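Visitor: This is the structure, below, for whatever I ask next.
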Ligand code: FES
Ligand code: FES
């Protein structure tokens, strides 16, 4: 059908499909500032546009509904509405404020935030913080959070009202900010701005970094993010923002069963419907064995095919489809006939190693890594003993134990997994992908595609959040197989539903802790057993669990003679289950360790009647001491003792203690009471965490020209 849309003041006569979504039409027209969060149901807000001045989600509207209305996108913000994103200068006041206060991290949500702010300030030039927060709440941000965007909107509002605002680059005194309050401890009134909001956001950040750096030009001063300007203008920067002639769109048929054998796949009905459609069914495409690991030399079993004859979780891949539109590709999925033999699923990790449990990886091609044992559903096993743990327990006055569960959670980056593949003019397969690990993609995918590494070029444009979820080869092989099969460029973008059923999650863990203690709080021995659930495939199985112990069990070494020679045990079994595979996720196993360890330490301090901070610091690792695990474990490599030269823990705790006014609050029964609400108590707590900030340096063993 024919319609005319009015976008950014210009008329666009169009021929559209009656079922076409406004989001798709606008992106096809080149308005790439409008992002897709893959949710398609109005949940994330990344696709926000202004529709007659109101912010709406373009994914929930049909294009036909937009005729006769005014559409505005971020391309028209600023001093050059006629030039849109082609000009880099001339930011609007709102865009400028986002850049100045640093309200942009990955930038995927930023155009939506800017438009939402514009809609708010156009109707109310003087909003309070609650109103700003309420307006922005429709746009999900996983990286920046909301403090900076709220600051940006309040700052922009002040500028638009003609008020003077302080330069963001002004110095702020940290020591001042951390001084204990001179005000008397309140009688229990919650910290609010009087309207129920539990924070109060200042127009300017209240930080000044500090005398020692005051002479420096850059350190200690706010810096504009190098790519902030292009992101606030919504310029094409992400994989799906690039256009390609003859592009095909990929979709994946996913398993409805947790555990099943594929007996037969018939794609004839699907392939009959359109010439350009191409289906790659399972069973016939197991050209390469690969494991979506990230650290060479792959410390994990090889247990995955691009497409296999068996499915191992609800959402596992069954077939790939490419077609000239997403709608045709989706329709084709319904026309693929699959015959399954349903097998007993294994869903409970605690039963995975039982005799008679269903065996998830019985394929003869499985390649063991170190201690993996597929006959017992074990992807990895770790056994680390440091010192003499049994002696430490025997010398303890008390032994305190506890069980802790760490649940499954998903990374939920707002930009879904997305990849585009095509052959370039030199017969190289180009993989433009939203990945955190471009070099691993290249290395891992070459044998899967049966191509030499030199014929693969991986391009990583800007990524709209990853949080570890993009540390695997999850979508690249799908599009690559289809480009090889069709000769055409292919785009594969996961939906939000696929992110939850077919991507990765944090490894859920069941953890048992046992600690030996002297009556004065000295730890004599510390033991952790960790049952980690890697789901259907052993992605990051060994290294994530290894980090759980390596970081969380290394911080509390004991005191006195025990400090000199700590007694620590860390055992872990990483087991397969018929659930969504786990993988890398912010902190890489460390949060799973510290969550139980810190709860356990708190329980111990309370049981022994000790101050939680003093008890922790008494036993914590100190500068100049050897990281206890470095003598015993190194992710499958030869361990090498490492001295920890600097630990700012005591200083950090001291500053934190002042900042939260611990000394006035923790033992003050009055402070914990909420006046007029007998059923409520205010709490205050402390936790200490150690994290690694870099990965080991590796000498690259595979020549890129191979
Ligand atoms: S709200 Fe439209 S893509 Fe998420
Ligand atoms: S900056 Fe908001 S989602 Fe990344």
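Visitor: For the range 499-522, give me each residue that is surrounded by fewer than 20 Cβ atoms within 10 Å (Cβ to Cβ) and within 19 Å of the chain's Cα centre (by Cα).
Guide: Result: 500, 501.
Visitor: Among the residues of the range 504-544, count how many are modelled with pLDDT under 95 and not in a loop (DSSP other than H, G, I, E, B).
Guide: Residues flagged as modelled with pLDDT under 95 and not in a loop (DSSP other than H, G, I, E, B) within the range 504-544 amount to 4.
Visitor: Further, regarding this structure: Could you list all residues from the range 19-48 that are near ligand 1 (Cβ under 6 Å from one of its atoms) and at negative phi?
Guide: Scanning the range 19-48 gives 36, 37, 39, 43, 44, 46, 47.
Visitor: Let me ask you something else. Among the residues of the range 440-457, is any modelled with pLDDT of 95 or more, more than 16 Å from ligand 2 (Cβ to nearest atom) and under 21 Å from the mean Cα position of the chain (by Cα)?
Guide: No, there is no match, as no residue in the range 440-457 is modelled with pLDDT of 95 or more, more than 16 Å from ligand 2 (Cβ to nearest atom) and under 21 Å from the mean Cα position of the chain (by Cα).
Visitor: Considering only residues that are within 19 Å of residue 241 (Cα to Cα) and in contact (Cβ under 8 Å) with a residue 40 or more places away in the chain, which ones fall in the range 437-466?
Guide: Result: 461, 462, 463, 464, 465, 466.
Visitor: Confirm whether residue 636 is within 22 Å of the chain's Cα centre (by Cα) and modelled with pLDDT under 95. So that I can check it myself, show each step before the final result.
Guide: On the way: within 22 Å of the chain's Cα centre (by Cα): no; modelled with pLDDT under 95: yes.
So residue 636 does not fit the description; no.
Visitor: Out of all the residues in the range 351-362, which are under 14 Å from residue 536 (Cα atoms) and buried (at least 17 other Cβ atoms within 10 Å of the Cβ)? I'd like the intermediate steps shown before the answer.
Guide: Our first condition is that a residue be under 14 Å from residue 536 (Cα atoms); within the range 351-362, this holds for 352, 358-362.
Matches in the range 351-362: 352, 358, 360, 361.
Visitor: Right, something else. Is it true that some residue in the range 393-410 is within 20 Å of residue 510 (Cα to Cα), under 23 Å from the mean Cα position of the chain (by Cα) and within 16 Å of ligand 1 (Cβ to nearest atom)?
Guide: yes
Visitor: Take the residues in the range 104-156 that are within 23 Å of residue 461 (Cβ to Cβ) and surrounded by fewer than 19 Cβ atoms within 10 Å (Cβ to Cβ); name whichever of them is nearest to ligand 2 (Cβ to nearest atom).
Guide: 143
Visitor: Checking residue 77 against (1) under 25 Å from residue 160 (Cα atoms); (2) within 11 Å of ligand 1 (Cβ to nearest atom): exactly one of these is not met. Which one?
Guide: Here residue 77 clears every test but (2).
Visitor: Does the range 600-620 contain any residue that is out of contact with any helix residue (DSSP H, G or I) (no Cβ under 9 Å at 6 or more places or on another chain), in a helix (DSSP H, G or I) and at pLDDT below 90?
Guide: Initially, the range 600-620 is screened for residues out of contact with any helix residue (DSSP H, G or I) (no Cβ under 9 Å at 6 or more places or on another chain), giving 600, 603, 607, 609, 618.
Imposing the further condition that a residue be in a helix (DSSP H, G or I) reduces the set to 600, 603, 607, 618.
Restricting the remaining residues to those that are at pLDDT below 90 gives none.
Scanning the range 600-620 turns up no residue that is out of contact with any helix residue (DSSP H, G or I) (no Cβ under 9 Å at 6 or more places or on another chain), in a helix (DSSP H, G or I) and at pLDDT below 90.
Visitor: Could you tell me whether any residue of the range 135-142 is assigned to a helix (DSSP H, G or I), touching a residue at least 12 places away in the same chain (Cβ under 8 Å) and more than 16 Å from ligand 1 (Cβ to nearest atom)? It would help to see each step written out before you state the result.
Guide: So the first thing to find is which residues in the range 135-142 are assigned to a helix (DSSP H, G or I), and the list is 135-136.
Filter again for touching a residue at least 12 places away in the same chain (Cβ under 8 Å), leaving 135-136.
Filter once more, keeping what is more than 16 Å from ligand 1 (Cβ to nearest atom): none.
The answer is no, given that none of the residues of the range 135-142 is assigned to a helix (DSSP H, G or I), touching a residue at least 12 places away in the same chain (Cβ under 8 Å) and more than 16 Å from ligand 1 (Cβ to nearest atom).
Visitor: Would you check which residues across the range 669-685 are over 24 Å from residue 659 (Cβ atoms) and in contact (Cβ under 8 Å) with a residue 40 or more places away in the chain and list them? Working first, answer last.
Guide: Let us first name the residues in the range 669-685 that are over 24 Å from residue 659 (Cβ atoms), namely 675-679.
675, the sole residue that qualifies.
Visitor: Give the residue that is nearest to ligand 1 (Cβ to nearest atom), with candidates limited to residues of the range 418-440 that are buried (at least 21 other Cβ atoms within 10 Å of the Cβ) and under 18 Å from residue 540 (Cα atoms).
Guide: Looking at residues that are buried (at least 21 other Cβ atoms within 10 Å of the Cβ) and under 18 Å from residue 540 (Cα atoms), I get 435.
Visitor: For the range 632-650, indicate whether the set of residues that are farther than 30 Å from residue 542 by Cβ and either in contact with a helix residue (DSSP H, G or I) (Cβ under 9 Å, 6 or more places away or on another chain) or surrounded by 12 or more Cβ atoms within 10 Å (Cβ to Cβ) (or both) is non-empty.
Guide: Checked the range 632-650: at least one residue is farther than 30 Å from residue 542 by Cβ and either in contact with a helix residue (DSSP H, G or I) (Cβ under 9 Å, 6 or more places away or on another chain) or surrounded by 12 or more Cβ atoms within 10 Å (Cβ to Cβ) (or both).
Visitor: Where in the range 33-129 are the strands (runs of 3 or more DSSP E), entirely inside, with at least 2 residues that are over 31 Å from the mean Cα position of the chain (by Cα)?
Guide: Numbers: elements: 48-51, 54-57, 70-72.
It comes to 70-72.
Visitor: Have a look at 253, 302, 204 and point out the one that is buried (at least 16 other Cβ atoms within 10 Å of the Cβ) and at pLDDT below 60. Quick ask: steps written out before the conclusion?
Guide: Working: 253 fails: at pLDDT below 60; 302 fails: at pLDDT below 60.
Step by step, each of 253, 302, 204 is checked, and only 204 is buried (at least 16 other Cβ atoms within 10 Å of the Cβ) and at pLDDT below 60.
Visitor: Identify all residues within the range 623-633 that are touching a residue at least 40 places away in the same chain (Cβ under 8 Å) and in a loop (DSSP other than H, G, I, E, B); write none if there are none.
Guide: Hits for the range 623-633 are 625, 627, 632, 633.
Visitor: Residue check: is residue 605 crowded, with 16+ Cβ neighbours inside 10 Å and more than 31 Å from the chain's Cα centre (by Cα)?
Guide: Working: crowded, with 16+ Cβ neighbours inside 10 Å: yes; more than 31 Å from the chain's Cα centre (by Cα): yes.
Against the criterion (crowded, with 16+ Cβ neighbours inside 10 Å and more than 31 Å from the chain's Cα centre (by Cα)), residue 605 qualifies.
Visitor: Anything in the range 346-385 that is outside any loop (DSSP other than H, G, I, E, B) and under 28 Å from the mean Cα position of the chain (by Cα)? List them, or say none. Can you show your working first?
Guide: Here is the first cut: in the range 346-385, the residues outside any loop (DSSP other than H, G, I, E, B) are 349-351, 367, 373-376, 378-385.
Correct list: 349, 350, 378, 379, 380, 381, 382.
So that you can scan it fast, the table gives a plain yes or no per residue for (1) within 16 Å of ligand 2 (Cβ to nearest atom); (2) surrounded by fewer than 19 Cβ atoms within 10 Å (Cβ to Cβ):
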position	(1), (2)
25	no, no
30	no, yes
43	yes, yes
60	no, yes
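The values are calculated or read from the model by the stated rules, or taken from the named source; none is laboratory data. Note that the coordinates shown come from a computational prediction; the quantities given were computed from them, not determined experimentally. Glycine also receives a Cβ, built like all others from the backbone with ideal geometry; neighbour counts cover every protein chain displayed.
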